[in-house]
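Report on the following structure.
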């Protein structure tokens with residue numbers, strides 16, 4: 001294979017832009033970052049990363065949780081391959097002329113990913129299409145029902161992609177490459193699984209080559225590059241979650257020194273805000289302590305956020321996180337009913353959730369909470385308990401989802417076995433705010449949609465009030481400081497405004 005032919009294009013398929021073309025995922029997806037650095041570091045292939053869900057205008061992704069916002073547009077764009085988004089994708093492929101296209105797919109954008117694979121083959125049937133990502137790790141060989149996918153990568157792809165490109169370059173077969181499913185002589189072959197990467201410190205930082213490889217790099221905000229993995233894996237065993245199938249329940253930790261080095265490099269490039277995208281930040285008290293102490297020592301003044309498990313919310317831990325620069329925490333409460341929480345294996349109670357929220361807010365950290373409605377075992381009473389919890393919880397942002405069983409998860413199999421999922425299940429119809437979502441055994445579909453709509457309106461209203469309070473409190477308190485109003489009056493107003 002000649003030098004000009006060694007070109008790979010990595011693509012993040014569109015999802016938000018299908019709802020509204022100007023919605024934008026203003027982020028360099030970590031999957032593309034890690035894969036491009038692996039190719040740049042270990043091969044001489046030309047590489048480009050293309051986030052098709054990014055729109056340079058950065059129109060905010062929908063903030064309303066009202067079911068169905070943009071859903072008709074989303075469905076129409078999946079059917080209309082002459083829509084502007086698909087023309088844009090075709091233009092990018094034609095301009096780069098890749099030999100190989102690698103597509104990273106989640107369940108919610110898998111149909112979108114298959115459309116891109118189809119477009120690639122229409123433009124040049126000899127282009128090799130490789131698909132990886134969470135959905136492929138969950139469903140494996142099932143993904144190759146899409147005829148335009150040549151190879152599927154299961155599990156972590158940094159080592160696999162290098163071996164695949166080397167094999168393609170030399171004209172070798174794929175039988176020795178672990179962690180892949182591929183077509184051979186009209187058969188689907190699934191190789192043995194690939195071992196997890198044992199030492200995450202050996203991976204190059206995902207944004208190392210962003211300036212050179214990311215399409216439209218100059219149009220991204222600096223915040224688009226502040227997303228960091230400190231760990232891979234989650235020790236918890238939630239019924240509905242697919243993380244354990246993707247990363248396993250054994251947590252692998254990057255050393256605090258490695259994390260600090262990545263942050264300092266990003267700071268030099270102008271990045272000021274950071275978000276730890278770990279399934280659960282820190283996972284245990286010892287690692288949180290070591291990492292936070294390192295942040296305090298080497299990255300003074302940093303501001304960062306994370307998703308956090310309720311069981312870790314202790315005064316000592318939250319206080320240290322605050323000192324290390326944490327200004328925003330997300331927690332998954334999911335349900336206001338303890339029986340539902342037990343069946344979901346959340347390993348928490350609603351009382352513990354309220355306690356964790358109080359501790360987090362006590363240290364002046366902004367709080368976002370996640371709730372899910374419509375679990376298979378949900379009843380009207382358990383939904384009422386969740387409504388009460390939503391009304392009662394003191395937080396800055398509420399995120400509401402409808403239960404979505406993703407293929408390959410225990411929840412998906414449960415729903416299938418209980419007649420809630422049919423053989424013709426179309427994964428593109430279901431995502432966390434989809435009005436099509438309905439997987440309840442105890443509530444009729446029309447009644448569930450009625451209840452869900454009530455909750456959606458309530459969540460939107462509470463988020464709107466919280467936004468107004470935050471804007472008012474920030475501007476008013478700043479003005480009071482300028483006017484020299486006493487601290488005791490300022491404190492009283494903070495209490496009044498929930499700050």
Is it true that residue 448 is in the same structural domain as residue 242 (by TED's automatic domain parsing), surrounded by 14 or more Cβ atoms within 10 Å (Cβ to Cβ), over 23 Å from the mean Cα position of the chain (by Cα) and within 24 Å of residue 19 (Cβ to Cβ)?
yes
If we keep just the residues of segment 186-235 that are without any contact (Cβ under 8 Å) to a residue 12 or more places away in the chain and not in a loop (DSSP other than H, G, I, E, B), which is surrounded by the most Cβ atoms within 10 Å (Cβ to Cβ)?
217
Of the residues in segment 401-420, those that are touching a helix residue (DSSP H, G or I) at 6+ places or on another chain (Cβ under 7 Å) and surrounded by fewer than 18 Cβ atoms within 10 Å (Cβ to Cβ) number 0
Candidate set: segment 49-80, residues that are more than 19 Å from the chain's Cα centre (by Cα) and either in a loop (DSSP other than H, G, I, E, B) or not assigned by TED's automatic domain parsing to the domain that holds residue 19 (or both); chosen: the one modelled with the highest pLDDT
80
Taking segment 388-400 and keeping residues surrounded by fewer than 18 Cβ atoms within 10 Å (Cβ to Cβ), part of a helix (DSSP H, G or I) and in contact with a helix residue (DSSP H, G or I) (Cβ under 8 Å, 6 or more places away or on another chain) leaves 391, 392
Evaluate segment 1-10: report whether one residue or more is surrounded by 16 or more Cβ atoms within 10 Å (Cβ to Cβ), out of contact with any strand residue (DSSP E or B) (no Cβ under 7 Å at 6 or more places or on another chain) and at pLDDT 95 or above.
no
Number of the exception - residue 453 against (1) assigned to a helix (DSSP H, G or I); (2) over 24 Å from the mean Cα position of the chain (by Cα); (3) assigned by TED's automatic domain parsing to the domain that holds residue 328; (4) without any contact (Cβ under 8 Å) to a residue 60 or more places away in the chain
(4)
Selected residue (criterion: surrounded by the most Cβ atoms within 10 Å (Cβ to Cβ)) from residues of segment 124-171 that are out of contact with any helix residue (DSSP H, G or I) (no Cβ under 8 Å at 6 or more places or on another chain) and part of a loop (DSSP other than H, G, I, E, B):
156
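Any chance you could count how many residues in segment 236-247 are part of a loop (DSSP other than H, G, I, E, B) and within 9 Å of residue 279 (Cβ to Cβ)? Spell out the reasoning first.
Step one: filter segment 236-247 for residues part of a loop (DSSP other than H, G, I, E, B), giving 236-242, 247.
Within this subset, residues satisfying the condition of being within 9 Å of residue 279 (Cβ to Cβ) are 236, 241, 247.
Residues that pass the stated criteria total 3.
Taking helices (runs of 4 or more DSSP H) that do not extend beyond segment 283-379, which have at least 3 residues that are in contact with a strand residue (DSSP E or B) (Cβ under 8 Å, 6 or more places away or on another chain), without any contact (Cβ under 8 Å) to a residue 60 or more places away in the chain and buried (at least 21 other Cβ atoms within 10 Å of the Cβ)?
Details: elements: 285-298, 315-323, 338-343, 350-362.
By residue number, 350-362.
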Within segment 453-474, restricting attention to residues that are touching a helix residue (DSSP H, G or I) at 6+ places or on another chain (Cβ under 9 Å) and crowded, with 16+ Cβ neighbours inside 10 Å, which residue is modelled with the lowest pLDDT?
473
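The values are calculated or read from the model by the stated rules, or taken from the named source; none is laboratory data. Everything numeric here is computed off the predicted structure, so don't read it as measured data. Please note: Cβ atoms are built from the backbone with ideal geometry, for glycine as well, and neighbour counts cover all protein chains shown.
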